[in-house]
Amino acid sequence: MKQGMVLVICAPSGAGKTTLAGRILSEFSNLKFSVSCTTRAPRSGEVDGRDYHFISKEEFERRRANHEFIEWAEVHGNYYGTLRKTVEDALACGDDLLFDIDVQGAAQVRLNLPGRCVFVFIAPPSMTALRRRLESRGSDSAETISRRIANARAELANAHWFDFVVINDDLERACLELKSVYLAARISPVRQAGQINKLLAEQVV
Ligand code: ADP
Ligand code: 5GP
């Protein structure tokens, strides 16, 4: 069976990662959202086990000491991490996974899952547009928005090592670019090796 792959997307907060992730997940049934663990409190509308596994700081630290995370990071004062088991189970049964993680986590995934991932950085069209989107979402204070803008600069400085950069100005075009990356990654030689071996083993005269 074809082993699954991981589509890793990173973006400064407000760049449109959640919007784009929702679009691509709704179009490909084989692509599953990787549910992370976090110590932050659930936001209204978030469901435990669907959006995140919401766990205490003590539980997170216990799991981290047990090496249960394939990557983890502290973001905006809370811990976030991807469970090794989530990844191994999905990839072994041929599902692909979408990781919505920060750049620190993505750098760890690059080391821990070599050859299995494609890394996409999603950037806003301008810092002014980013601020406008954060304001229009209406969920953050002015102070939080300023902190997110400052963090955005640090994250943008990492964009150069990603495989692809999608500029989310026109949503439809950005969506098409993200889907194109995923479709192309699915037919990389590593992913097609099984099919090639099958062809080579076929005896025809
Ligand atoms: P993130 O998950 O990266 O923090 P969201 O997906 O929540 O970002 O998007 C932030 C805000 O920007 C939301 O209100 C969303 O509807 C809006 N948005 C997303 N993509 C675009 C786009 N291409 N053009 C205009 N607004 C957008
Ligand atoms: P939020 O609290 O807004 O859902 O997420 C804050 C940040 O944490 C986002 O950049 C998100 O991508 C990142 N994040 C979510 N889950 C994980 C994870 O498992 N690992 C890492 N490293 N970052 C994560």
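Throughout, read-outs are computed from the coordinates displayed, never taken from laboratory work. No experiment lies behind these values; they were computed from the predicted model shown. Backbone-built Cβ (ideal geometry, glycine too); neighbour counts: all protein chains shown.
Add +1 for every Lys or Arg and -1 for every Asp or Glu among the other residues with Cβ under 12 Å from the Cβ of Ile167, and state the total. Provide the component values of the computation, followed by the final result.
Working: positive: Arg173; negative: Asp169, Asp170, Glu177.
Taking every other residue near Ile167 into account, the sum is -2.
Pop the C-beta distance of Trp161 and Thr128 into the FRET formula with R0 = 25 Å and round what comes out to the nearest 0.05. Could you put the intermediate results ahead of the total?
Values: r = 26 Å, r/R0 = 1.03.
After rounding to 0.05, the efficiency reads 0.45.
Under 15 Å from a point 7 Å along the Cα-to-Cβ line of Ala41: which residues of the range 119-155 have their amide N that close?
140-141
At a Förster radius of 22 Å, what calculated FRET efficiency corresponds to the Cβ-Cβ distance of Leu111 and Arg153, to the nearest 0.05? List each step's numbers first, then the result.
Details: r = 24 Å, r/R0 = 1.11.
Computed FRET efficiency for Leu111 and Arg153: 0.35.
When the Karplus curve 6.51 cos²θ - 1.76 cosθ + 1.60 is applied with θ = phi - 60°, which whole-Hz ³J(HN,Hα) does each residue of the range 70-87 get, with x for Gly and Pro?
7, 7, 7, 7, 9, 10, 6, x, 10, 8, 9, x, 9, 6, 3, 5, 4, 6
Got the relative contact order for the range 37-119 handy, in percent, Cα pairs under 8 Å and 6 or more residues apart? Walk me through the intermediate numbers first.
Working: 80 pairs, mean separation 21.1, N = 83.
Normalised by residue count, the contact order of the range 37-119 is 25 percent.
Hey, what's the per residue convex hull volume over the C-alpha atoms of the range 128-187, in cubic angstrom? Walk me through the numbers before you get to the answer.
Working: hull volume 6.0 nm³, N = 60.
Measuring per residue, one finds 99 Å³ for the Cα hull of the range 128-187.
How big is the charge dipole of the range 78-205 about its Cα centre, in debye rounded to the nearest 20, if each Lys and Arg gets +1 on its Cβ and each Asp and Glu gets -1 on its Cβ? Working shown, then result.
On the way: 16 positive and 16 negative charges, 35 e Å.
In debye, rounded to 20, the range 78-205 gives about 160.
From zero up to wherever the largest Cα-Cα distance of the chain sits, split into 10 Å bins and tell me the percent of pairs in each.
Per 10 Å bin, starting at zero, the Cα-Cα P(r) for the chain comes out as 8, 32, 36, 17, 5, 2, 0, 0 percent.
Please compute the contact order of the chain in relative form: average sequence separation of alpha-carbon pairs under 8 Å and at least six residues apart, divided by the residue count, as a percent. If you can, show how the numbers build up before the last one.
Details: 282 pairs, mean separation 63.0, N = 205.
Computed over the chain, the figure is 31 percent.
Please give the length that would be gained between Asp48 and Asp169 if that part of the chain were fully extended, namely 0.36 nm times their separation in residues minus their C-alpha to C-alpha distance (nm, one decimal).
Values: separation 121, 0.36 × 121 = 43.56 nm, distance 3.15 nm.
Extra length available between Asp48 and Asp169 comes to 40.4 nm.
Rounded to the nearest 0.05, what FRET efficiency do Ala201 and Phe28 give with R0 = 41 Å and r taken as the Cβ-Cβ distance? Could you check? Spell out each step's value before the answer.
Details: r = 30 Å, r/R0 = 0.72.
That pair, Ala201 with Phe28, gives E of 0.90.
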